[in-house]
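Novice: Below is a structure I'd like to ask you about.
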């Protein structure tokens, strides 16, 4: 056991996206903390108190926080929380490049007695069989002896105020005794209740199956939506009827975007396949959910056709982020649909009141609600809570909500 | 509109299985009712007050009930509730033969002003496009003019006391004005709240998707169970961890038998395919759930192997009905597993404390808990609430609960 015991944990959050930033903000309430991101632009903005996702304002960042984009600066910290993205490659296989880069960075700054907790969603085994060996190999220190690795799956649900960090339970897998009490105290800032366990692989699996279950259920409801449309049945009436049963689960059909649901099923299938187990249901949601952009586009097309519009009718697609009430355009199927239309019709534009002006400009979108008066027809894709108020003055017959 | 209005509804329940019998018992509290079944044996037993499924006792059957196996006897009734089975054929396509037979029977006894409510689970369109035309063709009367057809999906959950008929909501699709008030009054005996709607196809669909959702979710959890076993991960620990998330759905892995879940997904897929829509998720649960008998058999085999038993060790498989706390052996995967073993090992026997002695004898099973003392090892498949008490005196190390 390492003898160089720490008196105080000095946390550094690596990766300041929608997962890392709330962690850092909460930690800074009690700890001298730092946030590190390779995206220099993001660090410049955060230093100015700007969060382009609109979740945090300047006054959320207190004096305890230091932002860095230079990895040399984080070597004075001793508790690393890793929240970098774990996307998929074009061939749908796990893209562990960000995790790999972080492990290499950590192996350069790590000291005897340091602690690392990974929070990125991965398949079971990534922490034990990929991250730890990579760090050990590059720093000549040993996990469990010189440094100590844990895993705590993030459960951030962007756009959902009800389930913010401090309101939900959080799993922490930490198989060591070293500084356990201190870590638990620190983690108590990051969850309502911390569920401590020793098995990292179990915690990794728990996270990935939560998202798979959600993806499959939305996939099934999308399939039922499509089937009803095919059978000329009123989907929403049917759901109302089915919902009168005590155990019917009210999932909604829709466009599944973002960084978790469209990704995590591939992570789990990947490791299963590698171990010679072919999943059958895990990816079934993906098949349907990936189709939905095309399906919604077709619905819009046929609704526009019914309206018999003039060629130069100005159409505005409203709500473009990957889900309701978030300011994040990445992996958005709504944006994908807009692009499909824009390629063929120059009178179709996009509007989202939540995204920052720079991102809007880069994507050729409006953010100012005053501009909607220049349009004739409104297609609502990502139905932000704000949207109703914004479209209040618009003729109801000119609003299309395709799904 | 038929002028021959009825003063009193005289209900006749056609098909006295686990769905029809509770309906009949509840109706008899207020109505002079009859129950009709083509199974003469069942009628003989019911007349004696015997329900082989053990749900009803002699004192549940009051003087208001008449039991018939002769269809001529039901012509004096005017309100027919159809609760016959709708299974699948060997090729997994819908087997509507029982429904067809009932329609032919009804067309012989039907009179002007009669009402028919179908309760059997079907795919959308069966009532409107199959049953009604069949009756009309054979009786020269017209639905909506001479007689009146509705649909009310059964939601009987055998073995579940919490969700008995009068404790749950019930959908009634009845697209006519004729006697609506009287029918609603009658149906108020069959549900906590009656959700009245006019669209039969929507009610048919609502029912079938409720069961598909359940089957897919159990299928997914079975898949995760299998994946964990393959990846050498502790499934139950993982589920405990995942369950700490606010929206994780706690389905249990297991053997899915019975008359609904293994059947209904095929009904819906059938009509979708006929309308050129190929479902992708609807049947995904079936694929996994159908495999589970073999999987559980293999688990048992390897557990028995670990125990290094003598060849003549007496093994008892306990709990054989298709689900917990029911006395119904039909479509039971537990029974299927027992048969797999019995074919190869004469020292393996089956025991179920809930089934009636006649059915037990026909299947070569024990029902008497005293006989378990003659056995050495106990494999629990269908874990009835009673089972714990029965196996209390048995050495815990000799009990295997494979799933």
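No value in this document is a laboratory result; all are computed from the given coordinates. The model shown is predicted, which means the values in this text are computed figures rather than measured ones. Cβ: placed from backbone, ideal geometry, glycine included. Neighbour counts: every protein chain shown.
Novice: In nm to one decimal, list the spacings between the residue A:142 label point and its equivalents in the other copies, with label points set 7 Å along Cα to Cβ, shortest first.
Specialist: With the label placed 7 Å along Cα→Cβ, residue A:142 yields 9.1 nm.
Novice: Right, another one. What nm value, rounded to one decimal, do you get for the distance between residue A:90 and residue B:62 when each label is placed 7 Å out toward the C-beta?
Specialist: Reported label-point gap for residue A:90 and residue B:62 is 7.4 nm.
Novice: Can you pull the percent of Cα pairs in the protein assembly as shown with separation above 45 Å? Intermediate results must be reported in sequence, preceding the final value.
Specialist: On the way: 125763 of 324415 pairs.
Cα-Cα pairs of the protein assembly as shown separated by over 45 Å account for 39 percent.
Novice: Hey, can you rank B:48-54, A:267-273 by average C-beta count inside 10 Å, highest first?
Specialist: A:267-273, B:48-54
Novice: Right, something else. Under 18 Å from a point placed 7 Å out from the Cα of residue A:41 along the Cα-to-Cβ direction: which residues of region A:316-347 have their backbone N that close?
Specialist: Only A:321-322, A:327-332 pass the distance filter.
Novice: Hey, for a label at residue B:129 modelled as a point 7 Å past Cα toward Cβ, could you say which residues of region B:72-105 have their backbone N under 17 Å away?
Specialist: B:93-97, B:100
Novice: Let me ask something else. Rounded to the nearest 5, what is the percent of antiparallel bridges among the DSSP beta bridges in the protein assembly as shown?
Specialist: 5
Novice: Over region A:107-215, what lengths in whole Å, largest first, do the semi-axes of the equivalent ellipsoid take, defined as the square roots of 5 times the eigenvalues of the alpha-carbon gyration tensor?
Specialist: 25, 17, 11
Novice: Computed FRET efficiency, Cβ-Cβ of residue B:339 and residue B:388, R0 22 Å: what is it to the nearest 0.05?
Specialist: Taking R0 as 22 Å, the efficiency between residue B:339 and residue B:388 is 0.30.
Novice: Please find, among residues of chain A, the one with the beta carbon closest to the rotation axis relating it to chain B, distance in whole Å.
Specialist: A:284, 2
Novice: Region A:40-64 to region B:206-245: how many Å between their Cα centroids?
Specialist: 40
Novice: For q = 0.26 Å⁻¹, what log10 I(q)/I(0) does region A:307-400 give under the Debye formula with an equal point scatterer on each alpha carbon and no solvent?
Specialist: Debye output, listed in q order: -1.57.
Novice: In nm, give the distance between the simple-model label positions of residue A:330 and residue B:246, each being 7 Å from the Cα along the Cα-to-Cβ direction.
Specialist: For the pair residue A:330/residue B:246, the computed spacing is 2.3 nm.
Novice: With 26 Å as the cut-off, how large is the P(r) tail for region B:11-198, expressed as percent of Cα-Cα pairs?
Specialist: When all Cα pairs of region B:11-198 are counted, 27 percent exceed 26 Å.
Novice: Work out the mean other chain Cβ neighbour count within 10 Å for the residues of B:273-283 and drop it here as an integer.
Specialist: That works out to 5 on average.
Novice: How tilted is helix A:333-342 with respect to the longest principal axis of chain A? Cα atoms for both, answer in degrees (0 to 90, nearest 10).
Specialist: With both axes taken from Cα atoms, the answer is about 40 degrees.
Novice: Can you tell me how much longer the chain between residue A:52 and residue A:291 gets when fully stretched, taken as 0.36 nm per residue apart minus their C-alpha distance, in nm with one decimal? Mind dumping the intermediate values first?
Specialist: Numbers: separation 239, 0.36 × 239 = 86.04 nm, distance 2.94 nm.
Using 0.36 nm per residue and subtracting the Cα-Cα distance, I get 83.1 nm.
Novice: Under the convention of a label 7 Å out along Cα→Cβ, give the distances in nm from residue B:358 to the same position in every other copy, shortest first.
Specialist: Distances between equivalent label points, in nm: 8.1.
Novice: Order these peptides, B:26-37, B:67-78, by their mean beta-carbon neighbour count within 10 angstrom, highest first.
Specialist: Going by the mean number of other Cβ atoms within 10 Å, highest first, we get B:26-37, B:67-78.
Novice: In addition: Kindly provide the helix-only [θ] at 222 nm of the protein assembly as shown, computed as the sum of -39,500 (n - 2.57) over DSSP H runs of four or more divided by all residues, to the nearest 500 deg cm²/dmol?
Specialist: -10500 deg cm²/dmol
Novice: Then there's this: What is the antiparallel percent of DSSP beta bridges lying wholly in chain A, to the nearest 5? Before the final figure, lay out each step's value.
Specialist: Values: 2 of 39 bridges.
Counting only bridges with both partners in chain A, antiparallel ones make up about 5 percent.
Novice: I've got another one for you. Let me test this: with uniform point scatterers at the alpha carbons of region B:208-287, what is the Debye-based log₁₀ I(q)/I(0) at q = 0.15 1/Å?
Specialist: -0.60
Novice: Now, a different point. Run the Debye formula on the Cα coordinates of chain B, all scatterers equal and no solvent, and tell me log10 I(q)/I(0) at q = 0.12, 0.14 1/Å.
Specialist: -1.02, -1.27
Novice: Now, a different point. What are the nm distances, shortest first, from residue B:57 to its equivalents in the other copies, labels at 7 Å along Cα→Cβ?
Specialist: 6.8
Novice: Nearest 0.05, what FRET efficiency do residue B:185 and residue A:8 give at R0 = 56 Å with Cβ-Cβ as r?
Specialist: After rounding, the FRET efficiency stands at 0.15.
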